[in-house]
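The values are calculated or read from the model by the stated rules, or taken from the named source; none is laboratory data. The structure presented is a predicted model; accordingly, all values stated were derived computationally and were not measured. Note that each Cβ is placed from the backbone with ideal geometry, even for glycine, and that neighbours are counted across all protein chains shown. Please note that ligands, DNA and RNA were not included when accessible areas were found on the heavy atoms of the full protein model with its side chains. Shrake-Rupley method; radii C 1.70, N 1.55, O 1.52, S 1.80 Å.
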Amino acid sequence: MTNPWIPHTAEVIGRRREASHVHTLRIRFRDESIRRSYRFRSGQFNMLYVFGVGEVPISIVSDPDDPEILDHTVRIVGKVSAALVGLKKGEMLGVRGPYGSSWPLEESRGKNVVIVTGGLGCAPVISVINFVANRRDRYGNLKIFHGVKTPRDLLYRARFRAWEKHPDTEVYLTVDHPDREWKYNVGVVTNLFRQVRIDPQNSVVMMCGPEVMMHHTVRDLLAQGLPPDRIYLSLERNMKCAIGFCGHCQFGPRFICKDGPILRYDQIREWFVTAEA
Ligand SMILES: Cc1cc2nc3c(=O)[nH]c(=O)nc-3n(C[C@H](O)[C@H](O)[C@H](O)COP(=O)(O)OP(=O)(O)OC[C@H]3O[C@@H](n4cnc5c(N)ncnc54)[C@H](O)[C@@H]3O)c2cc1C
């Protein structure tokens, strides 16, 4: 897209309920030339604008090899996210993007891929899981660790079941508070690292979720011998412009909107620790 400030009109072409407050919107640009030229990388986000309400950053969760159809999974937390989730099939919204850095899919070729997520944190990693799952010959084994508070918070249940069946793929689900039907693990996501070893020499870790979870996960992975430059985190900050202009999302010397949201741990360790203190 040429002018990064101008949103382009897109139409809601489908919607799916993932959980009580979480829906996935499937959208498509109205203008055919925009649709044809638009490209994104796994992990990037769009600014979605509900006319007359406001604009928010939301990750793109669909496959980058099919950029004419864009999926965004939105959790209702406030005014704009509620208005987005309220959009019906056939209604219009504004879209600017894509923005931000992406997951290291090329750098990870031939390596084991480890995904660690918590809560809605799994939205930004859905596209990377799909990408690896659909190209198993390019990567080593795929381990997915996902933790939520209760079984009701588990999004993409059917997709986790499907991924479990892929070759060389392991899925570890955990909840803080189980119900009677829950048959997987109980406890925080980092407890899983006591049962499952990660090969520190040949793995790349990509994670997303509450920062406190990522903080503990990084500590445990480093203790297992994983090099800091093989850990990637997706960070969230309130942002407005998405192009490194307004400064709302400044993180140490970087901006989450243009240098992030995906950042390599060794490059941000100093500020990540400060942010958590
Ligand atoms: C790069 C990036 C990718 C994102 N991807 C997704 C996604 O895929 N799905 C999704 O549901 N949400 C995502 N978010 C978060 C989403 O942008 C916010 O939930 C949204 O801006 C809230 O707007 P609102 O008007 O609904 O609520 P507001 O009324 O603006 O906010 C409600 C509450 O959420 C807090 N909040 C708002 N934005 C953020 C933020 N970015 N980080 C932390 N707290 C925030 C506010 O401080 C307030 O407490 C992403 C954010 C970023 C920065």
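If Phe145 satisfies all but one of (1) open to solvent by less than 10 Å² (accessible area, probe 1.4 Å); (2) hydrophobic (A, V, I, L, M, F, W, C); (3) over 24 Å from Glu170 (Cβ atoms), what's the number of the condition it fails?
The one condition Phe145 does not meet is (3).
What do you reckon, is Arg219 open to solvent by 70 Å² or more (accessible area, probe 1.4 Å) and either closer than 19 Å to Leu142 by Cα or part of a helix (DSSP H, G or I) (or both)?
Answer is yes for this residue.
Of all the residues that make up region 106-145, how many are in a helix (DSSP H, G or I) and either of a type outside the set (Asp, Glu) or touching a Phe, Trp or Tyr at 6+ places or on another chain (Cβ under 7 Å) (or both)?
Of the residues in region 106-145, 17 are in a helix (DSSP H, G or I) and either of a type outside the set (Asp, Glu) or touching a Phe, Trp or Tyr at 6+ places or on another chain (Cβ under 7 Å) (or both).
Which ones in region 58-75 are within 22 Å of Gly209 (Cβ to Cβ), open to solvent by less than 50 Å² (accessible area, probe 1.4 Å) and within 12 Å of the ligand (Cβ to nearest atom)?
Ile58, Ser59, Ile60, Val61, Ser62, Asp71, His72, Thr73, Val74
Output the number of the condition that His177 fails; it satisfies all remaining conditions of (1) part of a loop (DSSP other than H, G, I, E, B); (2) without any contact (Cβ under 8 Å) to a residue 24 or more places away in the chain.
Among (1) part of a loop (DSSP other than H, G, I, E, B); (2) without any contact (Cβ under 8 Å) to a residue 24 or more places away in the chain, the lone unmet condition for His177 is (2).
For region 112-130, state whether one or more residues are modelled with pLDDT of 95 or more, open to solvent by 40 Å² or more (accessible area, probe 1.4 Å) and in contact with a Lys or Arg (Cβ under 9 Å, 6 or more places away or on another chain).
Within region 112-130 (the criterion being modelled with pLDDT of 95 or more, open to solvent by 40 Å² or more (accessible area, probe 1.4 Å) and in contact with a Lys or Arg (Cβ under 9 Å, 6 or more places away or on another chain)), the answer is no, since none of the residues qualifies.
Quick one: is Leu93 in contact with a helix residue (DSSP H, G or I) (Cβ under 8 Å, 6 or more places away or on another chain), open to solvent by less than 20 Å² (accessible area, probe 1.4 Å), more than 21 Å from Glu164 (Cβ to Cβ) and not acidic (Asp, Glu)?
Criteria met by Leu93.
Which numbered condition trips up Val205, out of (1) away from the ligand (no atom under 13 Å from the Cβ); (2) open to solvent by 10 Å² or more (accessible area, probe 1.4 Å); (3) of a type outside the set (Phe, Trp, Tyr); (4) touching a residue at least 24 places away in the same chain (Cβ under 8 Å)?
(2)
Yes/no matrix, rows are residues, columns are (1) in contact with a strand residue (DSSP E or B) (Cβ under 6 Å, 6 or more places away or on another chain); (2) at pLDDT below 95:
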site: Ser62; (1), (2): yes, yes
site: Pro67; (1), (2): no, yes
site: Arg75; (1), (2): yes, yes
site: Ala83; (1), (2): yes, no
site: Gly86; (1), (2): no, no
site: Gly94; (1), (2): yes, no
site: Trp103; (1), (2): yes, no
site: Ser108; (1), (2): yes, no
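Is it fair to say Ile231 is more than 13 Å from the ligand (Cβ to nearest atom) and open to solvent by less than 10 Å² (accessible area, probe 1.4 Å)?
So Ile231 passes the test.
Looking at (1) assigned to a loop (DSSP other than H, G, I, E, B); (2) on the phi < 0 side of the Ramachandran plot; (3) at pLDDT 90 or above, which is the only condition Leu155 fails?
(3)
Against the condition in contact with a strand residue (DSSP E or B) (Cβ under 6 Å, 6 or more places away or on another chain), surrounded by 13 or more Cβ atoms within 10 Å (Cβ to Cβ) and more than 19 Å from Val273 (Cβ to Cβ), how does Thr169 come out, does it pass?
yes
Go through region 32-51 and give me each residue that's open to solvent by 80 Å² or more (accessible area, probe 1.4 Å) and over 24 Å from Pro104 (Cα atoms).
Residues satisfying the conditions are Glu32, Arg36, Phe51.
Taking region 235-264 on its own, how many of its residues are open to solvent by less than 50 Å² (accessible area, probe 1.4 Å), more than 13 Å from the ligand (Cβ to nearest atom) and under 16 Å from the mean Cα position of the chain (by Cα)?
Going through region 235-264 one residue at a time, the tally reaches 0.
Considering Val212, Val273, Val175, which residue is under 20 Å from Gly147 (Cβ atoms) and either away from the ligand (no atom under 16 Å from the Cβ) or not aliphatic (A, V, I, L, M) (or both)?
Result: Val175 is the single residue among Val212, Val273, Val175 that is under 20 Å from Gly147 (Cβ atoms) and either away from the ligand (no atom under 16 Å from the Cβ) or not aliphatic (A, V, I, L, M) (or both).
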